[in-house]
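Chemist: Handing you this structure, nothing more for now.
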Amino acid sequence: MTTEPKGDGSRRDFLYIATGGFATVGAGTAVWPFIDQMNPAADVLALSSLEVDISGIPEGHSLTVKWRGKPVFIRHRTAVEIQEARAASVADLRDPVRDQDRAQKPEWLIVVGICTHLGCIPLGQKDTDPKGDFGGFFCPCHGSHYDTAARVRKGPAPRNLEVPDYEFLTPTLIKIG
Amino acid sequence: MSGGHESNDDLHHELKLRGVLGWIEYRLPIFNWINNAVGTNYPTPKNLNYFWNFGALAGVALVIQILTGIVLASHYVPTVDGAFASVERIMRDVNYGWLFRYVHANGASLFFAIVYVHLFRNLYYGSYKYPRELLWWLGLIILLLMIITAFMGYVLPWGQMSYWGATVITNLFGAIPIIGDELVLWLWGGYSVGEALLRGFYSLHYLLAFVIAALAVVHIWALHVHRSNNPLGIDIKGPQDVLPFHPYFTVKDLFGGSIYLIILAALVFYMPNALGEADNYIPANPLQTPAHIVPEWYLLPFYAILRAIPDKLGGVIALAAALLVLFAVPWLDTSKVRSARFRPIYKQLFWVLVADVFVLGWIGASPAEGIYITIGQLASAYYFLHFLVLLPVVGKLESPRPLPDSIATAVLEANRARAGGRR
């Protein structure tokens, strides 16, 4: 506003800044609910943990459960599988983690069954499934091979299958999430 | 702006842009387009009062409805079994879901309030007259679509009022001779209001919002051809009669808009259910009708006219006529003078009409029995009397007060009178 004499602008400046500041805060406050409504709703969050009875899974077999809309692989591992998982040289792995740090109890492997490449579900839960070159899981979408600790050993996947938070409530009852 | 006063040649505010904006403008002249629409290059009568806020406010209200509606639609389930529960889930579980639903519901109410003020502003100042008849029609078509859209939206929560409102309104079409019954069956997509109707309403409710938005653009387009009418109802004679839309009227609209938002916030945060019907928090029950079915307040006058006629077909015709008669108003009004300021008799009739519409609203909310029926019939009759008889006759008989020479002289005179009064 060139009509304002110099030095007399302070009152108008104050009004502009106060109005603009108030409008900015108001707009931000109004925008936040639009963003937050897309976050998981209360009923979705309430379903975020799942209890599973694992007493019925014999050694060498698996159970797939749905948790947060995703498959979770629960595998009752054989002694051979555990031995293979622990024998691998951690330093040579793409995503180096010891098997001991992935399985709270050696005979139970619990991982999210989503390939870390592009989100397909790897094969290996059924006895008849191909299990890949390392005896664990094989993702048919783009050929990622996982070992018996569900660590990636070959193919395009960047990381091991994710281990969800879980705890043993009793020796045969686990809580995922 | 240079200097306190603008010379007459100074009113052409073409934007000269450089840099990135200039690069865009050369290829897509969008900044001058905006400037011509709501900027410094849109000359606006300098005497507009606050009743000229309501067009812009209606636009803001529509945007709020669309934004909140998109969010609600993404959490809503349009099935007979899922609708009510999904609305309750929005209220309880979805983050800020209650806010979106309350803003949408109360926003619809305020949208109608704004549009009604906008409409009566036109009736008072004669804005529908030559050359703005088509502008008036476009507004009325938008109002018709708003009524349809609001009704469909009200059905979606699938509460008792939703269900029985849908039943009653769709049964209106059964009044049409010969094809009526078949038509209702077709609307329902079944033997009663149900799944097919709910899904159809959901789809159309979403669609019509955007049809309204498109028509609003055409409405504004038509407005820009002959520009705003003004409280004096006389044409713009020259540059001395106008001010640039920006900043003079953007600021005025921002002020009115702030008050509108305060009212909306007060409704949403302190009395979110004040304008709604408690019965709609009861899930739809096809085996039990609520004791007292009433539409939302903004449809009550029309509802009263529907009930005033003790005949199924007659009531429907009266309801339709109540809206359609407005389309004929530019020709029913025989006066050459636009603004009621210069029409001593019409001015009084205008306020009688306003009172009549309030009476109709009150009757629409009252039970259809006893004295209410008589009052409703009288008020309905007066509504049509106003438009079909009084409007044409008064235009011929009344001798209007002299019109000022121009907007500018009237404004200067008013200022002088005000200054004189102070002395």
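Chemist: Between helix B:97-125 and chain B, what is the angle of the helix's C-alpha long axis to the longest principal axis, kept within 0 to 90° and rounded to the nearest 10?
Modeler: 50
Chemist: What residue among B:HIS226, B:HIS118, B:HIS104 shows peak mean-square fluctuation when chain B is described by a Gaussian network model with Cα springs under 10 Å?
Modeler: Highest fluctuation of the listed residues: B:HIS226.
Chemist: Going by a ≥ b ≥ c, the root eigenvalues of the Cα gyration tensor, does segment A:22-92 fall in the rounded group (a/c under 1.5), the prolate group (a/b larger than b/c) or the oblate group?
Modeler: oblate
Chemist: Using the Karplus curve 6.51 cos²θ - 1.76 cosθ + 1.60 with θ = phi - 60°, what ³J(HN,Hα) values do you get for each residue of segment A:17-23, in whole Hz, with x for Gly and Pro?
Modeler: Result, rounded to whole Hz: 5, 5, 5, x, x, 5, 5.
Chemist: Which whole number gives the average count of other chain Cβ atoms within 10 Å of the Cβ atoms across peptide B:92-101?
Modeler: 5
Chemist: Report the label-to-label distance for B:THR374 and B:GLU182 in nanometres (one decimal), using points 7 Å from each Cα along the Cα→Cβ vector.
Modeler: Using points 7 Å along Cα→Cβ, the separation is 4.4 nm.
Chemist: Could you work out the relative contact order of segment B:317-423? I mean the mean sequence separation of Cα pairs under 8 Å and 6+ apart, divided by the number of residues, in percent.
Modeler: About 40 percent, as a whole number.
Chemist: Mind checking the mean number of beta-carbon atoms from other chains within 10 Å of the Cβ atoms in A:31-44?
Modeler: Taking the mean over all residues of the peptide, I get 5.
Chemist: Okay, next question. Among B:LYS312, B:LYS16, which comes first, then next, by fewest other beta-carbon atoms within 10 Å?
Modeler: Ranking B:LYS312, B:LYS16 by Cβ neighbours within 10 Å, fewest first, gives B:LYS16, B:LYS312.
Chemist: Related question: So, by mean Cβ neighbours within 10 angstrom, what's the order for B:47-54, B:153-160 with the highest one leading?
Modeler: B:153-160, B:47-54
Chemist: Quick check: residue separation of B:LEU21 and B:HIS292 times 0.36 nm, minus the Cα distance between them. What number comes out in nm?
Modeler: 91.6 nm
Chemist: Straight-line reach from A:LYS154: which lysines have a Cα under 26 Å away, not including same-chain ones fewer than 8 places off?
Modeler: Within the straight-line cut-off, A:LYS154 pairs with A:LYS70, A:LYS105, A:LYS126, A:LYS131.
Chemist: Among A:ARG153, A:ARG11, A:ARG77, which comes first, then next, by fewest other beta-carbon atoms within 10 Å?
Modeler: A:ARG11, A:ARG153, A:ARG77
Chemist: Just check chain B against the gyration tensor rule for me: Cα atoms, a ≥ b ≥ c as the square roots of the eigenvalues, rounded for a/c under 1.5, and otherwise prolate or oblate depending on whether a/b exceeds b/c.
Modeler: oblate
Chemist: Also: With +1 on each Lys and Arg Cβ and -1 on each Asp and Glu Cβ, how big is the dipole of segment A:43-168 about its Cα centre, in debye rounded to the nearest 20?
Modeler: With Lys and Arg at +1 and Asp and Glu at -1, about 340 debye.
Chemist: Now for a different question. Calculated from DSSP H runs of 4 or more alone, at -39500 (n - 2.57) each and per residue, what is the 222 nm mean residue ellipticity of chain B, nearest 500?
Modeler: The helix-only estimate for chain B comes to -21000 deg cm²/dmol at 222 nm.
Chemist: Would you kindly state the longest site-free stretch of chain B, with sites defined as GluC sites (Glu not before Pro) in a DSSP loop (not H, G, I, E, B) surrounded by at most 16 other Cβ atoms within 10 Å?
Modeler: The reported range is B:15-368.
Chemist: Which one of A:ALA87, A:ALA18, A:ALA42 has the biggest mean-square fluctuation once chain A is modelled by GNM with Cα springs under 10 Å?
Modeler: A:ALA18
Chemist: Also: Would you pull out the residues with amide H under 5 Å of A:GLY155's amide H, same chain only if 5 or more places away, H placed 1.01 Å from N?
Modeler: A:HIS145
Chemist: Have a look at A:GLY155, A:GLY20, A:GLY143 and tell me which one the Gaussian network model of chain A (Cα, springs below 10 Å) gives the largest fluctuation.
Modeler: Checking each option, the largest mean-square fluctuation is seen for A:GLY20.
Chemist: Rounded, prolate or oblate: which one fits the protein assembly as shown, using the alpha carbon gyration tensor with axes a ≥ b ≥ c (rounded when a/c is under 1.5, else prolate when a/b beats b/c, else oblate)?
Modeler: Judged from the Cα gyration tensor, the protein assembly as shown comes out oblate (a/c at least 1.5, b/c at or above a/b).
Chemist: Please report B:THR68, B:THR250, A:THR170 as a ranked list, fewest other C-beta atoms within 10 angstrom at the top and most at the bottom.
Modeler: If I rank by nearby Cβ atoms, fewest first, I get A:THR170, B:THR250, B:THR68.
Chemist: Quick query: amide H of A:LEU173 versus all other amide H atoms, modeled in the peptide plane; which residues come in under 5 Å with a sequence gap of 5 or more or a different chain?
Modeler: Long-range HN contacts for A:LEU173: A:ILE54.
Every number here is computed from the coordinates shown, using simple stated rules; none is lab data. Note that the coordinates shown come from a computational prediction; the quantities given were computed from them, not determined experimentally. Cβ sites come from the backbone with ideal geometry, for glycine too, and all protein chains shown count toward neighbours.
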